[in-house]
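Report on the following structure.
The values are calculated or read from the model by the stated rules, or taken from the named source; none is laboratory data. Source: prediction; values computed, not measured. Reconstructed Cβ throughout: ideal geometry from the backbone, glycine too, with neighbour counts over all protein chains shown.
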Amino acid sequence: MAASARPIIETRYEQMFPTLEPAEIERLRRFGETRTYGAGERLVATGEVSPGMFVILSGEVAVTQQNVLGRHQPIVTHGPGSFMGELAQLSGRPSLVDAHATKPVETLVIPSGRLRDVLVAEAELGERIMRALILRRVGLLESHVGGPVIVGRAEDGDVLRLEGFLDRNGHPHQTLDPDADSCAKTLLERFHVEPSRLPIVLCPNGQLLRNPSEVELARCIGLVRPIDPAKVYDVAIIGAGPAGLAAAVYGASEGLAVIVLDCRAFGGQAGASARIENYLGFPTGISGMHLMARAFNQAQKFGAETAIPDEVVRLQCHPSPDGARFQLGLANDERVRARAVVIASGARYRRLDVANLGAFEGSCVHYWASPLEGKLCAGQEVALVGAGNSAGQAAVYLASRVAKVWLLVRGPGLEASMSRYLVERIAALPNVEVLVQTEVCALEGHGGIL
């Protein structure tokens, strides 16, 4: 196997699980409090909010993940000088792993709010901790073991919708196809679910959802929480794309109380780009998802709160004595009060003017070109509609995975609307054909399949 295919826990183990020096632990003591646990006692449980990041002072702690059948799979055993936690502990979200003491343990527990203080106040040490938290989340995403379990057929539009939502929010999950996986059949029998009632989602807290909306799923796994209607934020930011996250980083780093709201996922249109090469500071390019995940984590590091997915449907001006000039009304009837509002709502994808488009959306018609769509289209011919940079990046990405890409352009060419480097790269790809002055006027197929 090529070195690049090795899991991150092998290639970057030392960075994922560093051991702190005694002097570094002493610097952390002012941010937390010591607690002791007996052998066999649980420190953290999947689906429950952790007390924070644990620094192991003595003893040992075993960290495990539960598979779909409830069996524990080991991840790592922490000893003295190690610290336990990942990005969920930074944001105060429910834990994705279980942890129990294998020997009597003394720990230094740093709550989520104080952990953010560590990252800012202890720059060098905070950098090592932040890198470890991020790499551990990447490791969980690679393992495909923890998080909610989606049971449904791989080509089902609702399965793809739920997978895409979790992928774009950087949340680990598993997908089981009852036609190919015996574990899926076991779960259907256990919960008495007929195959015709799929998909279902089994959340880490044990709750079973039947074809949930993104908001229902997010609330079940703790991605989004109730908003305090009495709290006044200095800045409320609508939209979690590049502009919204940049505003969140700048505002939160200046000590402002910031909340970021988005109706779907962080990253916006940039997050859908397979590769971005003309962004300042990344001469070798970076995937849109990786770039936006860095921005999202950076905003959380400085203490920005996030409410994703939460849709803003009203903006009202109601000056009040406490300085809350604005009130945002959400689709779920919650409200956000703020002294200032930044609207970074971005773009809405244009839909083709085709009568039966809705019958194919989610199964054969997609608005992203992520690895999820790349896997679905592998070895096939793909029609890609558009002539902007997003279309160009999608064409380059898909060309490496599909048999042929037909790029359909309404205008006379690509040069007027696409960056030159993308135009040149597309011209060099033998399996991409550009059709200019071309529009889609009809879709033909049956049962959602073109």
- Item | Residues of the range 219-245 that turn out to be of a type in the set (G, A, S) and farther than 22 Å from R337 by Cβ, as a count | 3
- Query: Any idea which residue in the range 278-309 is farthest from K231 (Cα to Cα), counting only those that are of a type in the set (S, T, Y) and surrounded by 15 or more Cβ atoms within 10 Å (Cβ to Cβ)?
  - Reply: S287
- Residue under evaluation F266, criteria (1) part of a loop (DSSP other than H, G, I, E, B); (2) out of contact with any Phe, Trp or Tyr (no Cβ under 6 Å at 6 or more places or on another chain); (3) within 20 Å of V312 (Cβ to Cβ), criterion not met: (2)
- Task: Please state which of the following conditions L280 fails to meet, knowing it meets all the rest: (1) touching a residue at least 40 places away in the same chain (Cβ under 8 Å); (2) assigned to a loop (DSSP other than H, G, I, E, B); (3) aliphatic (A, V, I, L, M).
- Result: (1)
- Item | Complete set of residues in the range 256-271 that are surrounded by 24 or more Cβ atoms within 10 Å (Cβ to Cβ), more than 22 Å from D234 (Cα to Cα) and hydrophobic (A, V, I, L, M, F, W, C) | A265
- Message: Tell me whether the range 205-220 contains one or more residues that are among the acidic types (D, E), surrounded by fewer than 18 Cβ atoms within 10 Å (Cβ to Cβ) and modelled with pLDDT of 95 or more.
- Response: yes
- Hey, can you tell me all the residues within the range 283-308 that are out of contact with any helix residue (DSSP H, G or I) (no Cβ under 7 Å at 6 or more places or on another chain), in a helix (DSSP H, G or I) and in contact (Cβ under 8 Å) with a residue 24 or more places away in the chain? A293
- Note on the structure: Considering the range 417-450, residues that are free of Cβ contacts under 8 Å to residues at least 24 places away in the same chain and part of a loop (DSSP other than H, G, I, E, B), and then whichever is nearest to N356 (Cα to Cα), we arrive at E444
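Each row is one residue, and each column tells you yes or no for (1) closer than 30 Å to A257 by Cα; (2) among the aliphatic types (A, V, I, L, M).
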| site | (1), (2) |
| --- | --- |
| G329 | yes, no |
| R335 | yes, no |
| A340 | yes, yes |
| A344 | yes, yes |
| D353 | no, no |
| A359 | no, yes |
| G362 | no, no |
| E373 | no, no |
- Message: For the range 222-240, which positions are closer than 30 Å to E48 by Cβ and part of a loop (DSSP other than H, G, I, E, B)?
- Response: G222, L223, V224, R225, P226, I227, D228, P229, A230, K231, A240
- Task: Could you check the range 10-100 for helices (runs of 4 or more DSSP H) lying wholly inside it with 2 or more residues that are acidic (D, E) and more than 27 Å from the chain's Cα centre (by Cα)?
- Result: 22-28
